[in-house]
1. Being surrounded by fewer than 16 Cβ atoms within 10 Å (Cβ to Cβ) and at pLDDT 90 or above is the requirement here; does residue 18 meet it?
2. Taking the range 39-74 only, how many residues are under 16 Å from residue 125 (Cα atoms) and either under 18 Å from the mean Cα position of the chain (by Cα) or part of a strand (DSSP E or B) (or both)?
3. Scan the range 92-127 residue by residue and report those that are assigned to a loop (DSSP other than H, G, I, E, B), surrounded by 13 or more Cβ atoms within 10 Å (Cβ to Cβ) and modelled with pLDDT of 85 or more.
4. Report whether or not residue 47 is exposed (fewer than 15 other Cβ atoms within 10 Å of the Cβ) and touching a helix residue (DSSP H, G or I) at 6+ places or on another chain (Cβ under 6 Å).
5. Which residues, taken from the range 80-90, are surrounded by fewer than 15 Cβ atoms within 10 Å (Cβ to Cβ) and not in a loop (DSSP other than H, G, I, E, B)?
């Protein structure tokens, strides 16, 4: 067991670091109960729908916000607006009076489909505030994965040393018990 540990010591460090890095987003998932959109309302202003909401969540993080149109009396109706802007997408800061603007005329030229429509504002944890995943991070992450695989292959290579040829005049050493 000791030889195994010595041989794979570096692999242990790589695995421990990987587990540590992978466990960082768990804080955001655990905080998911504190994250919600509330006070949702909307009004139609000409050919545009303006959706108002409050994003109640810890301020040390950014959030992914999605918008879905539904109907009260038709549970099968679900529509995801496409031409939206404002406090929606991958990096939304929490707070009150958030606004999403939807160009309704582009997707429903005759207006909303019925009088029983409402909006659902979905919220998911995102990256910590001030944190942005850059292309360099993707490259570094890929290099770490490739390096880990190469390290595993190299450490797995059989490194047994062939026995020395017998020396004349000396008897062979006894076998291991």
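1. Values: surrounded by fewer than 16 Cβ atoms within 10 Å (Cβ to Cβ): yes; at pLDDT 90 or above: no.
No.
2. First pass over the range 39-74, keeping only residues under 16 Å from residue 125 (Cα atoms): 54-67.
Add one more test, that the residue is either under 18 Å from the mean Cα position of the chain (by Cα) or part of a strand (DSSP E or B) (or both), and what stays is 54-58, 60-67.
So the answer is 13.
3. Kept after step one, since they are assigned to a loop (DSSP other than H, G, I, E, B), are these residues of the range 92-127: 93-94, 108-116.
Filter once more, so that each one left must be surrounded by 13 or more Cβ atoms within 10 Å (Cβ to Cβ): 93-94, 108, 112-113.
Selection gives 93, 94.
4. Numbers: exposed (fewer than 15 other Cβ atoms within 10 Å of the Cβ): yes; touching a helix residue (DSSP H, G or I) at 6+ places or on another chain (Cβ under 6 Å): yes.
Criteria met by residue 47.
5. Residues of the range 80-90 surrounded by fewer than 15 Cβ atoms within 10 Å (Cβ to Cβ): 80, 82-83, 85, 90.
Hits for the range 80-90 are 85, 90.
The values are calculated or read from the model by the stated rules, or taken from the named source; none is laboratory data. Everything numeric in this text was worked out from a predicted model, so none of it was measured. Every residue, glycine as well, gets a Cβ built from its backbone with ideal geometry; the counts of neighbours run over all protein chains shown.
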